[in-house]
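Notes to accompany the following structure.
The values are calculated or read from the model by the stated rules, or taken from the named source; none is laboratory data. Quick caveat: nothing in here was measured; it's all calculated off a predicted structure. Note: ideal-geometry Cβ built from the backbone for every residue, glycine included; neighbour counts use all protein chains shown. Ligands, DNA and RNA are stripped out before the accessible areas are found, and what is left, the full protein with its side chains, is counted by its heavy atoms. Shrake-Rupley method; radii C 1.70, N 1.55, O 1.52, S 1.80 Å.
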Amino acid sequence: MKRLFLIVAVVLPGVLAYAESGLNIVPTPKSVTVSEGFFRLDKNTALVVEDSAFEEIATDFKDQVKHVSLLNGSKTRIVLRKRPGFGKEAYRLTVTPSEVLIEASEVNGAFYGLQTFKQLLPDDIYAQVIKKPLKFLAPCCTIDDEPEFWYRGLLFDSGRFFFPKEEIMKFIDLMSMYKQNMFHWHLTEDQGWRIQIDKYPKLTEVGAWRKETAWHSGIGNGIPHGGFYTKDDIREVVEYARRRCVTVIPEVEIPGHSTAAIAAYPELSCFPDRHYEVETRWGIWKNLYAPTATTFRFLEDVFTELFELFPSPIYHIGGDEAPKDVYKESQYCQDLMTVLGLENEEELQTFFVKRIGDFLRKNGKTVIGWDEILDGGALEDPIAMSYRGHAPAVKGIKRGIRVILTPNRWCYLDNKQEDMADSVDQNLFMPLKKVYNYYPAVDSLADLSKKYIVGYETCLWTEYVPDNKTAEYQAFPRNVAAAEVGWTSRENKDWESFRRRMPKVLATLDWKGIQYCPVYYDVIFDYDRNIEFPKAMNLEIEDPTAVIRYTLDGSTPTAKSPVYDGRPFMVDRGSVIKARGFRKGQPIGKVVTKEFQK
Ligand code: ACM
């Protein structure tokens, strides 16, 4: 009854702007019309699959809502109908009291229609076990939907720390619920090689393990770390993702970030007689693959084994952060540059990357590289990931090269989302609102952006993310905001609407067992970390139903403390600010403190 009351109270029928509709769908669909009444999902509901192409997603859906049964229903029905003329990921969802109709041309669209339908239901549809009577109401509506961007990705760095396959699948599941479609798996690093390759067993015998881990200080913790995915693990993850319309894109870094491989096979380096160990510290290392026949054979062998595992039409070859010191030092490299008529070591990297890129293209793969691949310009029809801000994107789109935006200030999930003195994440401040308000385009080049910017990706780098709990904390809920950035048109994006939809998102994350950052209910200190004192301080809270109360005398804020009025105030060395959100006089979230040392 409580559930029924809630829905009736907030859903307003009629043709409404989405933000006013009361539907809590994330990402915001392209168009929504709410009408009278409700569809009731219960054991009297049938699932009708009109085309065998949709059989598999229907089976998975049934499995996910098994507490509702959906076996031999007769009163109401959910129909999956194939209809030509929709884009690959587009769907129409029509909910009436007697029927839920999902129309799509392809399985991706139908899958997304089902995700949206689930979001129309109360959040406990995501529960694993439900004790109460099993009926769920969805408001009647018509939704026409398709994504703004073709590429909606998340990078997961399994190189810096190894994460079990179960955690990887948990992330992929969440991505698919919010209609992200590209899982970019960073699998090789200086600090660890993470994929079984039969022809080169030392990659995992040696390259997957490091002696210890050293943080910012460079002092190691003495605890060995390692792990790798077997071929069966990879197959399981790729299949799991396929069933959720997520493509798994493997990344093998070349020519840099390759110390782990070189530690296993020093003959891949410019100086095979030197001793190499899997790196224990973070940073940019100078070990590069040598541009030799041995290395090219090795990489082609590795990719050939990967082709069996990853059917993705897109492969990532890294290309970032490769200081050329060893190419300068190596007589072989200098001679090769002379023979090839290359002017400098940058051109030698270009030669290297082009060689591997051509091999991938011959095998039917589109190549993605970090934005350094734009420096050489020799690859045929690549996709560049612009991570060092927007300048590389400008360079790329002006040359007619497709670009995915991953600028680190808006997209790196290891950046801070709250202000905790003891946190070891990266120092950039990137709260939920900043992630949400980003739009992947170069505004001064609107037409070129439309044509060549194909998408957007968040990156979970894991130098300071050693375990599942921290990974989930850093990624969520910000990655849900990111999902809306990639899917929803600029006109339909609205932070005020998004923050109102967050409680449903957080409830869903709870059902999914995600240990997200609960900063939604806490006050955020918003100030410029890079300027001198005294400076302006803003207080913010994402929960729109909360008021902020704060103190400047070190006392704990209560329901009687001053309300923050939205205007910045000045702080200086020695200032202590304590703040908390309140709703109807009751505290929410925790007391947060910012103390600036004298
Ligand atoms: C990167 O952040 N080096 C891609």
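Here are the numbers for this structure:
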item	result
Conditions (1) crowded, with 17+ Cβ neighbours inside 10 Å; (2) in contact with an Asp or Glu (Cβ under 9 Å, 6 or more places away or on another chain); (3) not in a strand (DSSP E or B); number of the one not met by Phe162	(2)
Of all residues making up the stretch 374-416, the number that are surrounded by 22 or more Cβ atoms within 10 Å (Cβ to Cβ), of a type in the set (S, T, N, Q) and touching a residue at least 40 places away in the same chain (Cβ under 8 Å)	1
The stretch 396-411: number of residues that are in a helix (DSSP H, G or I), within 16 Å of the ligand (Cβ to nearest atom) and more than 24 Å from Pro431 (Cα to Cα)	1
Residue that is within 31 Å of the chain's Cα centre (by Cα) and open to solvent by 40 Å² or more (accessible area, probe 1.4 Å), where the choices are Arg549, Arg580	Arg580
Sole exception among (1) free of Cβ contacts under 8 Å to residues at least 60 places away in the same chain; (2) away from the ligand (no atom under 16 Å from the Cβ); (3) touching a strand residue (DSSP E or B) at 6+ places or on another chain (Cβ under 9 Å); (4) closer than 24 Å to Leu155 by Cβ for Val326, by number	(4)
Of residues in the stretch 417-442 being at pLDDT below 95 and open to solvent by 60 Å² or more (accessible area, probe 1.4 Å), the one nearest to the ligand (Cβ to nearest atom)	Asn427
Glu277 vs. criteria over 30 Å from Glu106 (Cβ atoms), touching a Ser or Thr at 6+ places or on another chain (Cβ under 9 Å) and assigned to a strand (DSSP E or B)	no
Asn530 being of a type outside the set (D, E, K, R), free of Cβ contacts under 8 Å to residues at least 40 places away in the same chain and open to solvent by 10 Å² or more (accessible area, probe 1.4 Å)	yes
Residue list for the stretch 438-469, filter: part of a helix (DSSP H, G or I) and among the acidic types (Asp, Glu)	Asp443, Asp447
Index of the failed condition, Glu463 passing every other in (1) within 16 Å of the ligand (Cβ to nearest atom); (2) without any contact (Cβ under 8 Å) to a residue 60 or more places away in the chain	(2)
Matching entry among Glu20, Glu36, Glu50 (being modelled with pLDDT under 85 and of a type outside the set (Val, Ile, Thr))	Glu20
Selected residue (criterion: farthest from Phe476 (Cα to Cα)) from residues of the stretch 385-395 that are away from the ligand (no atom under 12 Å from the Cβ) and part of a helix (DSSP H, G or I)	Lys395
In the stretch 265-293, residue nearest to His225 (Cα to Cα) [restricted to those that are surrounded by fewer than 23 Cβ atoms within 10 Å (Cβ to Cβ) and among the aliphatic types (A, V, I, L, M)]	Ile284
Residues within the stretch 185-216 that are among the hydroxyl-bearing types (Ser, Thr, Tyr), assigned to a loop (DSSP other than H, G, I, E, B) and open to solvent by less than 10 Å² (accessible area, probe 1.4 Å), tallied	1
Qualifying positions in the stretch 557-577 - in contact with a Gly (Cβ under 6 Å, 6 or more places away or on another chain) and part of a loop (DSSP other than H, G, I, E, B)	Ala559
Pair list, Cβ < 8 Å and 6+ apart or interchain, from the stretch 195-223 residues that are farther than 23 Å from Ile168 by Cα and among the small types (Gly, Ala, Ser) to residues that are open to solvent by 50 Å² or more (accessible area, probe 1.4 Å) and in a loop (DSSP other than H, G, I, E, B)	Ala214/Asn221; Gly220/Lys211; Gly220/Glu212; Gly222/Glu212
Unique residue being touching a residue at least 12 places away in the same chain (Cβ under 8 Å), buried (at least 19 other Cβ atoms within 10 Å of the Cβ) and away from the ligand (no atom under 16 Å from the Cβ) when the list is Tyr456, Tyr473	Tyr473
